[in-house]
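For reference, the structure discussed in these notes is given below.
The values are calculated or read from the model by the stated rules, or taken from the named source; none is laboratory data. Only a predicted model underlies this, so the values are computations on that prediction, with no experimental measurement involved. Here the Cβ positions follow ideal geometry from the backbone for every residue, glycine too, while neighbour counts run over all protein chains shown. All accessible areas refer to the heavy atoms of the entire protein, side chains included, with ligands and DNA or RNA removed. Shrake-Rupley method; radii C 1.70, N 1.55, O 1.52, S 1.80 Å.
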Amino acid sequence: MQRRDFFKQTLTLAGGAVVGTTFSEASQQVETLHPVDDRKVSDIAFPQKRPLITYSDRPPLLESPREVFTSPITPNDLFFVRWHMPMIPTYISKNRFTLHIHGAVERELKLSLKSLQTEFEQVELTAVLQCGGNSRTAFKPTAGGIQWGIGAMGCARWKGVRLKDVLAKAGLTKDARWIGFNGLEKAVYAETDNFVRALELEKLSDNIILAYEMNGEDLPYLNGYPLRLIIPGTYSDSWIKMISNIKVTKEKMRLHFMEHAYRIPDNECECETPDNLTQKTKPIEKMNVNSVIGYPVSGIKVKQGAELIVRGVAFDGGEGIAKVEVSTDGGTTWQEAKLDKDEAGRYAYRAFTHPITPKQGGTLSIMCRATNTKGETQPFPHEIKWNRGGYKYNGIDEVTVKVVV
Ligand SMILES: Nc1nc2c(c(=O)[nH]1)N[C@H]1C(S)=C(S)[C@@H](COP(=O)(O)O)O[C@H]1N2
Ligand SMILES: [Mo]
């Protein structure tokens, strides 16, 4: 898709019948195609980042290029970035930063980074962080939100402390039910809701951590320095960055980013059509099984008769990957790829490789499809069901290369 068309479609959605196809015209064709995958990285790098695909610089919205998905760990400087609010503090003092825990607790706490690092058990875990809107460009008609390609995800080794342990130190009152989180950034207008999210206490698990380290380094500034929440297996909308405030409540708080955003139809297919939007919705939560090819990327030339190794990563919401298959005939037949050792745990990327030797010249399509231990697998893009927010896309990935003789 051309850049112009992209803006045209986005405008259409934001303003109803503005330009191009109107919402109702477009609703005849709700089928899904592959996510747009031809965007170039910017020539300007953000602090601590290599140049990435840039959607906005205020707030920073940066996508990782496809090449990154050959590696089971995403390097910090290639990791995607998403912020809702543009006023992100420009300086945070490591020594003065505190995490405030208050509300329905027996002891209100103000914890420094140092106390988090010395007074609690330190834990490490590898987990995939994926935006619920990853690959949103695949949804036709356009679904509301940033028109991400395939790169609004990454996998890192996180180090920090268990949220559970921190809450235990504060001592939850008997009627405590919700834990609210927010970061240090602000909206421009006082009327705009800040980015606050909440977790139901019954969903608290040992795996949920407050992390201060990512791949052995301090968190990059744009990925939430100095502290962020890690909720393995779930889409990252509640993985609050620059977290400075935890408020425990008895009642469910009324929060814009909980009640309106990051929700899908609460029905069997989790789907709807533009002219028949579902009233009842639920949070997106657990990640669908997914896989992406990191090499080759679309458009490159490869030699006929020469072996080429397809590389990629697969993951799901924590059930574990059972197999990844590759197809070079448009999905008619599939060959099982070789999975890397399952060393980093069930929330991490599982890297795969698969050698192929192109037999004839011309365009060659390469697809990959992952299946998890529960037997859940990825549908073809045209089988994906539409939802207005463009969430949870997990269509079979495809790249096309040119085979030269
Ligand atoms: N403080 C704060 N945390 C946040 C957000 C935000 O806007 N502010 N966005 C969330 C969403 S929707 C996503 S996809 C991830 C992105 O994490 P990243 O920028 O480290 O890739 O952060 C989550 N945590
Ligand atoms: Mo997101």
Value in Å of the Kirkwood radius, where the stretch 270-365 supplies the Cα pairs that are averaged: 16.0
GluC sites (Glu not before Pro) restricted to DSSP loop in the stretch 259-297 with at most 16 other C-beta within 10 Å: Glu268
Euclidean distance of C-alpha centroids, the stretch 91-132 and the stretch 286-301, integer Å: 34
Reciprocal mean inverse distance between Cα atoms of the stretch 184-295 - Kirkwood radius, Å: 16.5
Kirkwood hydrodynamic radius of the chain, from inverse mean 1/r over distinct Cα pairs, in Å: 22.2
Contact order relative to length of the stretch 216-354, as percent, for alpha carbon pairs under 8 angstrom and 6 or more apart: 17
Length added when fully stretched, Glu251-Asp275, from 0.36 nm per residue minus Cα-Cα: 5.2 nm
Loop-located trypsin sites (Lys or Arg not before Pro) in the stretch 278-347 whose Cβ has at most 14 other Cβ within 10 Å (DSSP): Lys280, Lys341
Rg to Rh quotient for the stretch 56-192, alpha carbon positions, Kirkwood Rh: 1.02
Average accessible surface area per residue within the chain, 1.4 Å rolling probe, Å²: 46
Neighbour cut-off at most 15 other Cβ (10 Å), DSSP loop, trypsin sites (Lys or Arg not before Pro), the stretch 355-390: Lys359, Lys374
Within-13-Å neighbourhood charge of Phe46 [Cβ basis; K, R +1; D, E -1]: 0
Cut-off 10 Å between beta-carbons: net charge of the residues surrounding Thr357, Lys and Arg +1, Asp and Glu -1: +1
Pairwise label distance in nanometres, Leu33 with Gln335, each label 7 Å out on the Cα-Cβ vector: 2.9
Förster-model FRET efficiency, 35 Å R0, Glu376 and Glu108, C-beta, rounded to 0.05: 0.25
Inter-probe distance in nm under a simple model that places probes 7 Å from Cα toward Cβ, at Arg58 and Thr353: 4.6
Inter-site label distance for Asp77 and Lys186 at 7 Å from Cα along Cβ, in nm: 3.3
Length released on extending from Lys174 to Asp193, taking residue separation times 0.36 nm less the Cα-Cα span: 3.9 nm
Loop-exposed chymotrypsin sites (Phe, Trp or Tyr not before Pro) per DSSP, neighbour cap 11 Cβ within 10 angstrom, longest uninterrupted part of the chain: 190-405
Segment Glu307-Gln122, extension gain: residue separation times 0.36 nm, minus the distance between their alpha carbons: 62.1 nm
